[in-house]
Structures are given as C-alpha cells and as structure tokens.
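Accompanying notes for the structure given below.
The values are calculated or read from the model by the stated rules, or taken from the named source; none is laboratory data. Please read these numbers as outputs of a predicted model, since none were measured by experiment. We place every Cβ from the backbone using ideal geometry, glycine too, and count neighbours over all the protein chains shown.
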Amino acid sequence: MRFGGKIGQSGAFVQCARCKKAIFRREFEQNLFVCQHCGFHQRVSATARIEMTFDEGSFQVLDTELASIDPLQFPEYRAKLEGAKEKTGQNDGVVSGLAKLDGRDVSVAVSDFTFMGGSMGSVAGEKITRTLERAADGGIAAIVFCASGGARMQEGLLSLMQMAKTTAAVERCRSAGAPYIAVFTDPTMAGVLAGYASVADVILAEPGAQVGFAGARVSKQAQVARVPDDFQTAEFCLRSGMIDRIVPRREMRATLSSLVRMLTAARL
Ligand SMILES: [Zn+2]
C-alpha cells in the first residue's frame, strides 16, 4: 500500500502526538498512521484515506472544476485559499468522486483537515451535495468521511446555507433508498456536525475523535454544567447514543464493506 498524503513529519522516525514515543515511519504507515504504543489515530490526508479505504486504483475524482471564490471580499481569504491549495495540492477541503469497495460502486466524499481546517464553504457543501445526489441517482451507497472545524467563516451566510443544502441532499438519498454512511474522524465539529454529518443512516467514528458543536474552549467558558472528562469525544457520543459504533482504522474498510453489502442488498 502506498500513501501519497503528507503526514507532517519527515525522516525515518515520527513521534506520536499523544504518548510522544518514537515510531519507525515505515511501521507507522503500515499501521495506517495509528500509534502501536497507545492507539492514537493521527489525522490523515484525504489522499491517504482514499488509498487505505477503497479498492486499489478504483477512485475516480470528480467535481475538480469547483473552486472557492471570495464572495464577501473577506480580508486575507484569497491568500489563505492559495496557501491551502499549495500545501495540499487540492482546490478545496473535500475530495469527492466514485470508487469501489470490494467491487461495489460507492459515492465518496473525504474531508481533508489540512485544507483550512476542513471548513465547509460553498465548494465543500456542493461536493457533499453532489456525492449524495450521485448515490441517490445511481442507487449506490454514499460514504462520507468528516474532518472539519465547522462552517467557513470567510464565506459567512453562504457557508451556513450549506448546512441546509447538504441536509436536503441527505433526504433525496433517503427517498431514493440509497444508504448514507458517515464516518466521524478527528475532528467533526460545529456546522458540519449540525449539518450533513449527524443525519446519516449509519454513523461510525474513529477512536478518540473530537466530536461536538461548540469547541472545547467555548464549552468551558459557557460553564453551563459539569461535563465528563471525555466530553466531545467519539466515546462520549457512543455512550450518549449519538453514533452507532467506534471503529479502529484497521477495521474501517471491512466494516464499511459489510455495511454497504448489507444495506444495498436489503434494497433488492
Ligand atoms: Zn502513541
């Protein structure tokens, strides 16, 4: 397996962000960027995610013509966009297209946190919408990997509109009987969580992923109630009934494949 995505460090060793132990880069990559000492799941690029999840060479990227403009003339937005494009080699924070999973067609969108915090502006919202519509039109499953700090503030109300637009697309998927599976990866927050992410038919999450509406700092400032130590984690959400299952990265491909097989077979 080959991973084209950047993981932020170079050299023969990488250091785990949680336990700080040194890990052979090669072993780390073979372990899908999960620390073998403490189980920490490092964030991965959209490219790496696609390569580790779907059938080799099957991903067909679509919607590449979409690029953000600067509708509000927001200070420094254009420069930030250009910087993010250069850093990631992508036009925006979501990569969308069609792929195969154990031979079955699936409509796919993968969010990349390294592109402006995976924030959802008009382009990300349109890509998610098209991903869900392709699933509805083709009668195939939609799989969306979420990784986002929320709506993109530089696009103001246009970003917030994406919450309604993507959620409406989920409904089209549902009407067509096409299953929609969301995977919460670190972090899945704010406008994305309150938009298309939370209304999936099946919600999986990676261990330790931060999941919540307001950020941790805002929540602490609000001091509305005592919250458990693991507040706003995938584990807390599982206990609260908000997600269906926590799936370690190594088991994600097989779990998604089983779900797609079961949910699409049930439609026949
Ligand atoms: Zn570790």
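Residue-by-condition table, conditions (1) of a type in the set (A, V, I, L, M, F, W, C); (2) buried (at least 16 other Cβ atoms within 10 Å of the Cβ):
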{"position": "A182", "(1), (2)": "yes, yes"}
{"position": "A205", "(1), (2)": "yes, yes"}
{"position": "T233", "(1), (2)": "no, yes"}
{"position": "R239", "(1), (2)": "no, no"}
{"position": "I243", "(1), (2)": "yes, yes"}
{"position": "V260", "(1), (2)": "yes, yes"}
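Let me spell it out: the conditions are (1) more than 19 Å from R261 (Cα to Cα); (2) out of contact with any Gly (no Cβ under 9 Å at 6 or more places or on another chain); (3) not in a helix (DSSP H, G or I), and F113 meets all of them except one. Which number is the exception?
(2)
Which one of these is out of contact with any Lys or Arg (no Cβ under 7 Å at 6 or more places or on another chain) and modelled with pLDDT of 90 or more: A176, A214?
Values: A214 fails: modelled with pLDDT of 90 or more.
Matching residue, one of A176, A214: A176.
Condition test on E171, is it surrounded by 21 or more Cβ atoms within 10 Å (Cβ to Cβ) and farther than 25 Å from R253 by Cα? I'd like the intermediate steps shown before the answer.
Details: surrounded by 21 or more Cβ atoms within 10 Å (Cβ to Cβ): no; farther than 25 Å from R253 by Cα: yes.
Judged against the criteria, E171 is not a match.
Scan the range 58-66 and give yes if some residue there is exposed (fewer than 12 other Cβ atoms within 10 Å of the Cβ) and more than 20 Å from A205 (Cα to Cα), otherwise no.
Within the range 58-66, one or more residues are exposed (fewer than 12 other Cβ atoms within 10 Å of the Cβ) and more than 20 Å from A205 (Cα to Cα).
Could you list, ordered by first residue, the pairs with Cβ atoms under 6 Å in which the first is in the range 19-40 and in the same structural domain as T233 (by TED's automatic domain parsing) and within 14 Å of E206 (Cβ to Cβ) and the second is modelled with pLDDT of 95 or more and part of a strand (DSSP E or B), at least 6 apart or interchain?
Here the result reads none, with nothing in the range 19-40 linked to a residue that is modelled with pLDDT of 95 or more and part of a strand (DSSP E or B).
Just checking, how many residues over the range 118-158 are in a helix (DSSP H, G or I) and buried (at least 23 other Cβ atoms within 10 Å of the Cβ)?
Let us first name the residues in the range 118-158 that are in a helix (DSSP H, G or I), namely 118, 122-138, 153-158.
Imposing the further condition that a residue be buried (at least 23 other Cβ atoms within 10 Å of the Cβ) reduces the set to 118, 124-125, 127-128, 131-132, 134-135, 155.
Total meeting the criteria: 10.
In the set E171, E126, which member is under 18 Å from D63 (Cβ atoms) and in the same structural domain as L98 (by TED's automatic domain parsing)? If you could, list the steps in order and put the result at the bottom.
Values: E171 fails: under 18 Å from D63 (Cβ atoms).
Only one candidate passes the filter, namely E126.
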